[in-house]
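Data block below; observations after.
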Amino acid sequence: MSGPCCVDPGAKQSHEVCGRMEEIGGVNTYKTGEGKSAIVIFTDVFGNSFVNVQKIADTFAENTQTTVVIPDYFNGDPIDANVPNLMEVLPAWLKKHPTKDTCLIAEKFISTIKQDYQSIQIMGFCYGAKSVVHLLIHPEFSSIIKGAVVAHPSFLVKEEATQIKQSILFLCAENDQIFTPDLREEFEKELKSNHYGKFIDYPGTIHGFVVRPHDSPQAYQQRDKAIQDAIQYFKQNI
């Protein structure tokens, strides 16, 4: 379930963050915006201190008038985007941070904040898509979530497609060796037939393009479009 794009940080980005780190339910969390509704972002392997995802969170908060939170579900141990040979680091890191553990942290985090906001929507990048789908198919949490978005998802399995009974938007790379064509076909067939899922394609993109685009006009254009598509979706579901 892993490939070079999982640990390709893309072009270096800069951003003056608008939010702050805050402990919520014992979890170190990036929090931005002051809205009465919330968007919870579950990150890729680079975690909630990665400037790229904080930049996206600030953009969501500004354009949706929500509070956006990014919990650290790696217990202070994300992959460092600056170290060399990231593919060599990934297998051992995944053993320390299996998705079953991070999904449990996601459950506890949603339980902690569910009384604080009028509505909650969730988004997952790459690794984080597993937590999004887990929450959507969980009998206790599915009713709490008003909307969900996944971008270039990882770790999904075909059996989950039939279990999703909530609205979900897929932001799909044109070339994705992780959310493979056959896996996508299974989700698309199921979720389009029951009208829960929407799939948007972004030409010329690869896995990771929304949060970790390469330095090219095409990559940035498609990244920006995907972010705007997510914003429009969130606005419809607040």
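Residue count for the range 37-64 satisfying the condition of being out of contact with any strand residue (DSSP E or B) (no Cβ under 8 Å at 6 or more places or on another chain) and under 21 Å from T112 (Cα atoms): 1. Residue count for the range 145-178, restricted to those that are surrounded by fewer than 16 Cβ atoms within 10 Å (Cβ to Cβ) and of a type in the set (A, V, I, L, M): 1.
The number of residues in the range 190-227 being of a type outside the set (G, A, S), within 18 Å of G124 (Cβ to Cβ) and assigned to a helix (DSSP H, G or I) comes to 3. Scanning the range 196-217 for residues that are loosely packed, with under 14 Cβ neighbours inside 10 Å and modelled with pLDDT under 95 yields D215, S216, P217. Every listed requirement among (1) in contact (Cβ under 8 Å) with a residue 40 or more places away in the chain; (2) more than 17 Å from the chain's Cα centre (by Cα) is met by S216 save one, (1). Taking the range 38-154 as the region of interest, the strands (runs of 3 or more DSSP E) fully inside it that hold 1 or more residues being over 13 Å from the mean Cα position of the chain (by Cα) and of a type outside the set (S, T, N, Q) are 38-42, 120-125, 145-151. Answer yes or no: is there a residue in the range 112-125 that is touching an Asp or Glu at 6+ places or on another chain (Cβ under 7 Å), hydrophobic (A, V, I, L, M, F, W, C) and at positive phi. Checked the range 112-125: no residue is touching an Asp or Glu at 6+ places or on another chain (Cβ under 7 Å), hydrophobic (A, V, I, L, M, F, W, C) and at positive phi.
Selection over the range 153-173 of residues that are closer than 22 Å to F209 by Cα and in contact with an Asp or Glu (Cβ under 6 Å, 6 or more places away or on another chain) gives a count of 1.
Scanning the range 31-52 for residues that are closer than 23 Å to A11 by Cα and either surrounded by 22 or more Cβ atoms within 10 Å (Cβ to Cβ) or small (G, A, S) (or both) returns I41, F42, T43, D44, V45, F46, G47, N48, S49, F50, N52.
The values are calculated or read from the model by the stated rules, or taken from the named source; none is laboratory data. In this text, all values refer to a predicted model and were calculated from it rather than measured experimentally. No Cβ is skipped: glycine too gets one built from the backbone with ideal geometry, and neighbour counts run over all protein chains shown.
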